[in-house]
Amino acid sequence: MRKSDWRTIAFWITSLVLTLFALASVMRQESTRQLEQNAEQSALRWAQFVNQTVPDLDVAFMTGKLTPAAREQLLRLRKANDVFRFKLFDRSGGLILLSDDIEKPELPTYDRSKDGIGEHDAGGSKLHIRNQVLAGKPYVELKRENRPDRPAVYSEAYVPVLQDGKVLGVVEVYVDQVERAASTAKGFTHIAGAVTILLLLLGSAAGYQFWLRLRKQRHAEARVRYMAHHDVLSGALNRSSFSEALNQATWRRAYGGPAFSLLCIDLDRFKEVNDSLGHAAGDQVLRVATQRLKACLREGDQVARLGGDEFAILLMGLSSTASVTPLAQRIVQALAAPFELADQRVHCGGSVGIAIYGVDGTESGDLLNKADLALYRAKADGRGTFSFYDIAMDQQMQSRRELTRDLRDAIKAGQMSVHYQPLHGSDGESLVGYEALLRWQHPVRGNVTPAQFIPLAEETGLIDDIGLWVLRRACVDAASWPPPLTVAVNLSAAQFARGNLAEQVSQALADSGLPAERLELEITESLLMNNSEQVMDILRRLAALGVSIAMDDFGTGYSSLAYLWRFPFNKVKIDRAFTHNLVQDPKVGMIVRSIITLAHSLDIRVNAEGVETHSQMVALREHGCDELQGFLLGRPGPAKGLTHIGLSTGQAHAVRRGEARESLFATIPMDLPPVLTRR
């Protein structure tokens, strides 16, 4: 509990105690006031009765002598009602009679200077009483004493006896207040008890409300603390808290604390879940994945979600590959199990990268970086596995970083060029066009193959600018070729992501002057696996420009036939793997024939890649393939070296393309097969 809460509690308790003390004081004062009022009334009545019934009372006040009749009547009234004693004073305040002496045959002579009203106290401290009473006003004083000759509670009341408005004398009456004090105290005690109970009830209610507020506040503060240290979605530690835990583990280990290892984990196909099923399904996968990771850990281990589908684990006490391997295997197996969502089952899997303190590094940032490098290699090894860091990774990543840096400057430095591979008709002689292929001649590395830099360009986001440059270059070069030669340009998924691809193609055609029907755009099946509706919209806009659209690497994907149904393709390109095995394996020939027959039935032309032998060309021609492409017919070369040999023959054999078309069944609703179960 905070100091402010204790101060609040102390304030309310103090206020309650002070209120009770104030209540007691007020009640005591009120009790005294009521007793004094009662005593005054009793004294007034007694004095009035004395004035009316005692004969020769005025003589007694005037002369200071009592007649026998007056003495007899006063003797009767000596203890009337609650009066247990009285005194008579003359109009100057001198004592005439004390009731204690009334039975004596002879009344004593009283010392007026000592026994008068207000004169018996030292220094005359009660002269104000004398002045008040002799002025015709009663005076009452409540006393509480412990004397054997007097009640514990009594009142002294001075009552002036008036005649014609003048003070004739004064009667001092001693009134017994014990019973009335007890009765009054009892009444006030009941009132005080009721008020106290009410205050306690109010205080209890206020205290209960304060406790509820305090508990709610503590829960809110605990929630804030939890959210400050944990990922709200998954319940794992967040990046900041995990960094703090990693720094503490590093510091403790440096001073003899327990050894530890660091694991970085990525879900392998999480993006496919998010893109195809939505973020709600992705969130559910993340929560389930977190629970699975926690179930794999031991007490003292810590798991965190660093962001997206990236997790990290701190394994305490494990500092060797032999000790970490079983747990890493358990994590990979746990994430490989299907994720049962609300209405379907999906597979994600996970990859794990591992760095060990003391072996791979001693700084938290260095360990995290090396675990991430190990994760990158696990993904490169095919995903769904784990990898330990080794020094070769640093060298590879350094080379990768250098290659990325050089790739950023390659176009500006004039290192990039576009080569063109000829496309021939089924006869192998008629030239129908070229495919644009990007080449990179590095000043130090030499020729860098597309297999090396294209994936890197896609991962770093450079492929968008590179792809646009290739598109513009190819259009400019093709515009100088004799018609009807075409140019085929490969498109990357990144070029579709921005949504302005149709505008870029239209601008490239306008700037170069190339007719749209001489431009062919190639896409891969992997592009269609995500965001198919967005891709469909862009493809329709491209088709509306009059360009042709081809599917590259046809036949190697999971659901190519479904894509033929949905998308407006003009041509499909049979993957080189089929061409390579066409002659050796009869089953491959049956597949190729089926593809060609199916495509022709949908009014789609067919291109075969990788033609390297005469027998392959003959077989493809027999199966009815429309276009041939491969080293047998021509290798890629720069634009300046193109001879266009075969163009005249090609003009006789080339198939003229009409208006851009939709696929035959593009308007029929269809659910594509789920891609989440691909492995």
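The values are calculated or read from the model by the stated rules, or taken from the named source; none is laboratory data. Predicted model, so just to flag it, every value in this text is computed and none were measured. Note: ideal-geometry Cβ built from the backbone for every residue, glycine included; neighbour counts use all protein chains shown.
Of note:
- Answer residue from region 370-384, given it is surrounded by fewer than 18 Cβ atoms within 10 Å (Cβ to Cβ) and of a type outside the set (D, E, K, R) and is farthest from Thr250 (Cα to Cα) among those: Gly382
- Qualifying residue in region 153-169 (condition: under 14 Å from Asn51 (Cα atoms), of a type in the set (Gly, Ala, Ser) and assigned by TED's automatic domain parsing to the domain that holds Gly116): yes
- Restricting the first member to region 285-311 and to residues that are part of a loop (DSSP other than H, G, I, E, B) and surrounded by 17 or more Cβ atoms within 10 Å (Cβ to Cβ), and the second to residues that are aliphatic (A, V, I, L, M) and modelled with pLDDT of 90 or more, the beta-carbon pairs closer than 7 Å and six or more apart or on different chains are Leu297/Val303; Leu297/Ile313; Asp301/Ile313; Asp301/Leu314; Asp301/Leu315; Asp301/Met316; Asp309/Leu267; Asp309/Leu286.
- Scanning region 366-374 turns up no residue that is closer than 24 Å to Ala245 by Cβ, without any contact (Cβ under 8 Å) to a residue 24 or more places away in the chain and not in a helix (DSSP H, G or I).
- Residues of region 246-281 classified as surrounded by 13 or more Cβ atoms within 10 Å (Cβ to Cβ) and either free of Cβ contacts under 8 Å to residues at least 24 places away in the same chain or aromatic (Phe, Trp, Tyr) (or both), total: 6
A quick yes/no check of all residues on (1) among the β-branched types (Val, Ile, Thr); (2) touching an Asp or Glu at 6+ places or on another chain (Cβ under 8 Å); (3) not assigned by TED's automatic domain parsing to the domain that holds Gly317:
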{"position": "Gly350", "(1), (2), (3)": "no, yes, no"}
{"position": "Ala380", "(1), (2), (3)": "no, no, no"}
{"position": "Gln395", "(1), (2), (3)": "no, no, yes"}
{"position": "Gln398", "(1), (2), (3)": "no, no, yes"}
{"position": "His442", "(1), (2), (3)": "no, yes, yes"}
{"position": "Gly446", "(1), (2), (3)": "no, no, yes"}
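- Lone unmet requirement of (1) among the polar types (S, T, N, Q); (2) assigned by TED's automatic domain parsing to the domain that holds Arg377; (3) over 29 Å from Phe339 (Cβ atoms) for Gln209: (2)
- Only one of Val346, Val352 that is of a type in the set (A, V, I, L, M) and modelled with pLDDT of 90 or more: Val352
- Test: residue in region 155-175 that is assigned to a loop (DSSP other than H, G, I, E, B), surrounded by 12 or more Cβ atoms within 10 Å (Cβ to Cβ) and not hydrophobic (A, V, I, L, M, F, W, C): no
- Residue match in region 34-54 (condition: buried (at least 17 other Cβ atoms within 10 Å of the Cβ), farther than 30 Å from Lys186 by Cβ, more than 60 Å from the chain's Cα centre (by Cα) and hydrophobic (A, V, I, L, M, F, W, C)): yes
- Residues satisfying the stated conditions in region 385-396, i.e. touching a helix residue (DSSP H, G or I) at 6+ places or on another chain (Cβ under 6 Å) and either surrounded by fewer than 18 Cβ atoms within 10 Å (Cβ to Cβ) or not aromatic (Phe, Trp, Tyr) (or both): Thr385, Ser387, Met393
- Number of the condition not met by Arg383 [criteria: (1) of a type in the set (Lys, Arg); (2) within 16 Å of Glu310 (Cα to Cα); (3) outside any loop (DSSP other than H, G, I, E, B)]: (3)
- Taking region 218-234 as the range and being assigned to a helix (DSSP H, G or I) and either in contact with an Asp or Glu (Cβ under 7 Å, 6 or more places away or on another chain) or modelled with pLDDT of 75 or more (or both) as the test, the residues that pass are Arg218, His219.
- Of residues in region 324-343 being of a type in the set (A, V, I, L, M) and at pLDDT below 90, the one surrounded by the most Cβ atoms within 10 Å (Cβ to Cβ): Leu341
- Count - residues of region 607-649 that are at negative phi and touching a Phe, Trp or Tyr at 6+ places or on another chain (Cβ under 7 Å): 5
- Pair list, Cβ under 6 Å, 6 or more apart: region 516-527 residue over 12 Å from Phe567 (Cα atoms), other residue of a type in the set (Ser, Thr, Tyr) and assigned to a strand (DSSP E or B): Arg518/Thr486; Glu520/Thr486; Glu520/Ser548
- Which numbered condition Gln344 fails, given (1) in contact with a Leu (Cβ under 9 Å, 6 or more places away or on another chain); (2) under 16 Å from Pro258 (Cα atoms); (3) among the polar types (S, T, N, Q): (2)
- Cβ separations smaller than 6 Å between residues 6+ apart or across chains give the following pairs from region 615-627 residues that are touching a residue at least 60 places away in the same chain (Cβ under 8 Å) and part of a helix (DSSP H, G or I) to residues that are surrounded by fewer than 22 Cβ atoms within 10 Å (Cβ to Cβ) and not β-branched (Val, Ile, Thr): Met617/Gly428; Arg621/Ser426.
- Given (1) assigned to a loop (DSSP other than H, G, I, E, B); (2) surrounded by 19 or more Cβ atoms within 10 Å (Cβ to Cβ), index of the condition Ser351 fails: (1)
- The criterion of at least 2 residues that are touching a helix residue (DSSP H, G or I) at 6+ places or on another chain (Cβ under 9 Å) and surrounded by fewer than 19 Cβ atoms within 10 Å (Cβ to Cβ) is met by the following strands (runs of 3 or more DSSP E) wholly inside region 427-536: 431-442.
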